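Reviewing the structure listed below.
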Amino acid sequence: MKTNRVSAIIDNVNCCGDLRDLTAHRPLATLPFDCKYRLLDFQLSNVINANIQALFLLMNHDDMQSVFDHINGGKEWGLDSLRNKFIMHFSKKNSEDEYEQDFVSHVIDYLRKSSSEITLIMGSKMLCNIDLKSIIKIHKQSSRNMTVVYKRVTSENISDDNLLINLESDKNISIYNNSKAELELAEKYNLCMDIFIVKTQWLIEILENYDKKIESIIKFLREKIDNEACMSYEYTGYLSNIYDIPSYYRANMDMLQPSKFNSLLYSNQKIYTKLANEVPTHYAQNSVVNNSQFASGSIVDGTVVDSLISRRCRISEAAVIEHSIIMASVNIKKNAYIKNAILDKNVIVDEGVRIIGDDDNPIVIKKDSHITNDIVDRRIS
């Protein structure tokens with residue numbers, strides 16, 4: 001495969017979903033995951049592992065600082081190499097609080113200059129470690145303009161803004177029009193993973209001739225499924241669909257299960273992230289740790305069970321954390337009790353304070369909060 005003939009677009013425009021308590025200061029793409037990663041790491045790693053050397057990253061204008069802080073020059077993913085073409089574009093908001101459509105002309109310009117035969121387009125909500133080289137190879141051997149990647153999942157892994165597809169007898173695909181409320185709990189459905197492999201020239205032509213508003217490249221390609229002869233590709237590896245707080249919580253908790261952890265992070269393809277040279281986490285003699293993961297730079301004097309702890313956290317003596325996600329630089333003081341919760345960066349929890357959420361709906365503590373009183377879900381007696 002001639003890798004210089006493949007380009008990629010990662011589309012993150014208007015992609016927040018029901019995660020606003022965690023995305024007020026960052027886009028979904030840079031939301032922390034499994035102690036030291038960001039969701040965007042998986043999309044970038046998937047692209048780089050496929051030896052794709054032309055990448056266009058499409059983001060919202062308000063997300064600039066968080067994206068630049070994480071990616072910087074792109075060294076960890078090899079994006080700073082002279083042979084790679086890496087472009088970031090940020091769409092601005094207009095007076096109606098909607099994002100302008102200026103990105104379309106920039107996308108077309110990028111595609112023309114890439115001189116690519118095939119283009120990969122993917123979103124940021126689907127967490128996976130996927131072998132794109134195989135899909136691109138299969139697509140090149142077909143005569144179809146677009147290949148759609150899907151996975152069979154149950155209804156709990158589907159949100160209202162996801163797209164479901166039907167597999168037709170003639171090997172074409174069509175859109176499944178039922179709403180989530182009409183789905184059966186035990187049934188499996190074909191979830192479009194918002195990963196598309198298309199012929200570049202075809203994409204340029206339909207973008208140039210489209211005279212309606214384009215909210216995102218992902219939504220635009222979804223609309224083409226019923227009108228084009230598309231090929232389907234079933235992905236069978238680990239997938240988490242991140243669309244709200246419970247789904248984000250479940251995806252992180254999955255990493256405490258060795259089979260799912262190994263499937264996502266220790267398959268044949270490596271996941272790259274921004275490096276942080278810090279001292280290892282220190283576990284005091286009286287600390288108790290069970291089935292948990294830690295990033296570097298933390299000090300643990302308390303008890304941590306079934307939880308994920310990010311960098312530079314302080315867990316004081318007699319503090320207890322259970323079934324929770326603790327992001328970077330959180331300070332949990334003596335005798336505090338945290339259960340079924342997500343604590344964003346720089347949170348301080350005072351001595352003796354309790355934060356207890358529901359098993360299926362964790363409590364979220366926003367970035368830079370100082371918690372001085374108990375916060376307990378009303379459903380918990």
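In this structure, does residue 216 turn out to be closer than 23 Å to residue 46 by Cα and at pLDDT below 90?
Judged against the criteria, residue 216 is a match.
Return yes when residue 135 is open to solvent by less than 10 Å² (accessible area, probe 1.4 Å), hydrophobic (A, V, I, L, M, F, W, C) and modelled with pLDDT under 90 and no when it is not.
The answer is no for residue 135.
Collect the residues in region 220-261 that are over 17 Å from the mean Cα position of the chain (by Cα), part of a helix (DSSP H, G or I) and either over 23 Å from residue 137 (Cα atoms) or polar (S, T, N, Q) (or both), keeping them in residue-number order.
220, 223, 258, 259
Residue 52: open to solvent by 40 Å² or more (accessible area, probe 1.4 Å), modelled with pLDDT of 85 or more and over 17 Å from the mean Cα position of the chain (by Cα), yes or no?
No.
In this structure, does residue 160 turn out to be among the acidic types (Asp, Glu) and either modelled with pLDDT of 95 or more or crowded, with 17+ Cβ neighbours inside 10 Å (or both)?
no
Could you tell me whether residue 213 is open to solvent by 20 Å² or more (accessible area, probe 1.4 Å) and either at positive phi or assigned to a strand (DSSP E or B) (or both)?
Spelling it out, it is not the case that residue 213 is open to solvent by 20 Å² or more (accessible area, probe 1.4 Å) and either at positive phi or assigned to a strand (DSSP E or B) (or both).
Which residues, counting only those in region 216-254, are in contact (Cβ under 8 Å) with a residue 24 or more places away in the chain, surrounded by fewer than 20 Cβ atoms within 10 Å (Cβ to Cβ) and within 17 Å of residue 325 (Cα to Cα)?
Of everything in region 216-254, those that are in contact (Cβ under 8 Å) with a residue 24 or more places away in the chain, surrounded by fewer than 20 Cβ atoms within 10 Å (Cβ to Cβ) and within 17 Å of residue 325 (Cα to Cα) turn out to be 244, 246, 253.
Could you check region 26-41 and list, in sequence order, the residues that are among the hydrophobic types (A, V, I, L, M, F, W, C) and either in contact with a Leu (Cβ under 8 Å, 6 or more places away or on another chain) or free of Cβ contacts under 8 Å to residues at least 40 places away in the same chain (or both)?
Result: 28, 29, 31, 33, 35, 39.
Note down all Cβ pairs under 6 Å where the first residue falls in region 77-91 and is under 19 Å from residue 274 (Cβ atoms), the second is assigned to a strand (DSSP E or B), and they're at least six residues apart or on different chains.
Listed by first residue and then by second, the contacts come to 79/86; 86/55; 88/57.
Among the residues of region 348-362 satisfying the criterion of being acidic (Asp, Glu) and in a loop (DSSP other than H, G, I, E, B), which is farthest from residue 157 (Cα to Cα)?
351
Quick one: which strands (runs of 3 or more DSSP E) sit completely within region 285-346 and have at least 2 residues that are open to solvent by 40 Å² or more (accessible area, probe 1.4 Å)?
288-290, 337-339
The values are calculated or read from the model by the stated rules, or taken from the named source; none is laboratory data. These figures come from a predicted structure and were not determined experimentally. A quick note on method: Cβ atoms are made from the backbone with ideal geometry, for glycine too, and the neighbour counts reach across all protein chains shown. Note: areas computed on protein heavy atoms with side chains; ligands, DNA, RNA excluded. Shrake-Rupley method; radii C 1.70, N 1.55, O 1.52, S 1.80 Å.
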